[in-house]
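Comments concern the structure below.
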Amino acid sequence: MTHEDSARADLERLQKAREQILDQLSRTIVGQTDVVEQLLISIFARGHCLLEGVPGLAKTLMISSLAQTMSLSFSRIQFTPDLMPADITGTEIIEENKSTGARERRFMEGPLFANVVLADEINRTPPKTQAALLEAMQERQITVGRVRHQLSDPFFVLATQNPIEQEGTYPLPEAQQDRFMFKVHVSYPSFADEFEVARRTTGRVKSTIEAVLSGEEILSLQEFIRGIEVSENVIRYALAIVRQTRVGQDGVPDFVREQVAWGAGPRAVQFLILGAKARAAMMGRSYVDTADIQFCAKPVLRHRMVVNFAAESDGITSDAVIDKIISVTPTAQDELLRDARFQRILAS
């Protein structure tokens, strides 16, 4: 099989997997198509995802159902103010060897030793426990005492947080939110979707979800997505989007200077390109387009770009600023390179 035939087969396999997962999820989840798409992109791009929405929007059900569509181990951690790092990482215990009578140390694994970890209400636990989770996300390992323990592969953390309750919460610092590839907003359903939710959940019918992907297949698809080529024009476009969020740099639009406190770092560019690769492949394309960058811009940037107090008091959100940045950024390569403002942005 030639390289082209192999790539075509991988694209078809990924497209089919996406369709099968969406079909399985539709048995328990009504609507929320964009949210599910973003979750799948983060998984196939080997990233972690933070979901934010008010209670009752099926965030937990969505994540647990997604885990069921894959032959992966799953654990749920309900974060609380009294949760300690050892409660999620595991701890060393002393056991007596019944045959010799000697006492031996043994490591008892915590709930982080699973392929898919649901970190429910991550903003309800103190910074020390949040840091233990974030070390696992970044390094894909945990350290207990002086011993490092490798985590499962694939490994995804899908976290949820409630934006309306601030009493007794520990908001994630921006530097720690940066570990998440996407921050996904889960909004209220439409009338038709909520009608269907009410009809389904108040009856006797129970839906079952079947696994459609194995861990080995996910790892293989992740490698395939990494190998997708991206043109210099698309990389330049992603850089132009991200670099316009950085206040104080040459060529940044006036509305960014007036409304943004600080902008996104280099990790945003990496995740924009990886997310765009995954989306293109899920759509059956072996090339990445600027539209793929635009689709990933909000979930990648909204938690990496912070609006200032003046903008916040006027009700201007980071999403609104991102929309405006996209609207003033040319997609055509020659137009982008000819623009004097972007010449300064891309040269500084």
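Worth pointing out:
- Complete set of residues in the range 240-279 that are in contact (Cβ under 8 Å) with a residue 60 or more places away in the chain and charged (D, E, K, R): Arg243, Asp250, Arg267, Lys277, Arg279
Quick grid of which residues meet (1) among the aromatic types (Phe, Trp, Tyr); (2) under 17 Å from Val116 (Cβ atoms):
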site: Thr28; (1), (2): no, yes
site: Val35; (1), (2): no, yes
site: Gln38; (1), (2): no, yes
site: Phe44; (1), (2): yes, yes
site: His48; (1), (2): no, yes
site: Leu57; (1), (2): no, no
site: Met62; (1), (2): no, yes
site: Ala67; (1), (2): no, yes
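- Any hit, the range 293-305, residues being within 23 Å of Arg179 (Cβ to Cβ), in contact with a Cys (Cβ under 9 Å, 6 or more places away or on another chain) and not basic (Lys, Arg): yes
- Picking from residues in the range 322-346 that are over 25 Å from Lys277 (Cβ atoms) and in a helix (DSSP H, G or I), the one that is nearest to the chain's Cα centre (by Cα) is Lys324.
- Looking only at the range 288-308, and only at residues there that are of a type outside the set (A, V, I, L, M, F, W, C) and in contact with a strand residue (DSSP E or B) (Cβ under 7 Å, 6 or more places away or on another chain), the one that is farthest from Phe224 (Cα to Cα): Asn308
- Which listed residue is within 27 Å of Arg304 (Cβ to Cβ), in the same structural domain as Pro163 (by TED's automatic domain parsing), among the charged types (D, E, K, R) and without any contact (Cβ under 8 Å) to a residue 60 or more places away in the chain, from Glu121, Glu104, Glu37, Glu96: Glu121
- Strands (runs of 3 or more DSSP E) contained in the range 1-115 and holding at least 1 residues within 28 Å of Asp292 (Cβ to Cβ) and modelled with pLDDT of 80 or more: 49-52
- Single residue of Ala311, Ala268, Ala276, Ala281 found to be more than 26 Å from Arg226 (Cα to Cα) and either of a type in the set (Gly, Ala, Ser) or assigned to a helix (DSSP H, G or I) (or both): Ala311
Matching residues to (1) modelled with pLDDT of 75 or more; (2) acidic (Asp, Glu); (3) out of contact with any Gly (no Cβ under 9 Å at 6 or more places or on another chain):
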{"site": "Arg146", "(1), (2), (3)": "yes, no, yes"}
{"site": "Pro154", "(1), (2), (3)": "yes, no, no"}
{"site": "Asn162", "(1), (2), (3)": "yes, no, no"}
{"site": "Tyr170", "(1), (2), (3)": "no, no, yes"}
{"site": "Asp178", "(1), (2), (3)": "yes, yes, no"}
{"site": "Met181", "(1), (2), (3)": "yes, no, no"}
{"site": "Val184", "(1), (2), (3)": "yes, no, no"}
{"site": "Phe191", "(1), (2), (3)": "yes, no, yes"}
{"site": "Phe195", "(1), (2), (3)": "yes, no, yes"}
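- So Pro163, is it surrounded by 14 or more Cβ atoms within 10 Å (Cβ to Cβ), assigned by TED's automatic domain parsing to the domain that holds Cys49 and either at positive phi or part of a loop (DSSP other than H, G, I, E, B) (or both): no
- Here is the figure for the range 326-341: residues that are surrounded by 13 or more Cβ atoms within 10 Å (Cβ to Cβ) and out of contact with any Ser or Thr (no Cβ under 7 Å at 6 or more places or on another chain) total 9.
- Members of the range 197-209 found to be touching a residue at least 60 places away in the same chain (Cβ under 8 Å) and either surrounded by fewer than 11 Cβ atoms within 10 Å (Cβ to Cβ) or within 19 Å of the chain's Cα centre (by Cα) (or both), listed by number: Thr208
- Check on Ala119, in a loop (DSSP other than H, G, I, E, B), in contact with a strand residue (DSSP E or B) (Cβ under 6 Å, 6 or more places away or on another chain), under 20 Å from Arg76 (Cβ atoms) and not basic (Lys, Arg): no
- Residue within the range 120-129 that is under 22 Å from Phe44 (Cβ atoms) and at pLDDT 85 or above present: no
- The single residue among Arg285, Arg257, Arg302, Arg267 that is touching a helix residue (DSSP H, G or I) at 6+ places or on another chain (Cβ under 7 Å) and among the charged types (D, E, K, R) turns out to be Arg302.
- Residue within the range 185-196 that is crowded, with 16+ Cβ neighbours inside 10 Å, aromatic (Phe, Trp, Tyr) and touching a residue at least 24 places away in the same chain (Cβ under 8 Å) present: no
- Qualifying residue in the range 96-112 (condition: within 20 Å of Leu158 (Cβ to Cβ), crowded, with 19+ Cβ neighbours inside 10 Å and in contact with a Gly (Cβ under 9 Å, 6 or more places away or on another chain)): yes
The values are calculated or read from the model by the stated rules, or taken from the named source; none is laboratory data. Keep in mind that this is a model prediction, so the values were computed, not measured. Quick reminder, even Gly has a Cβ in these numbers, built from the backbone with ideal geometry, and neighbours come from all protein chains shown.
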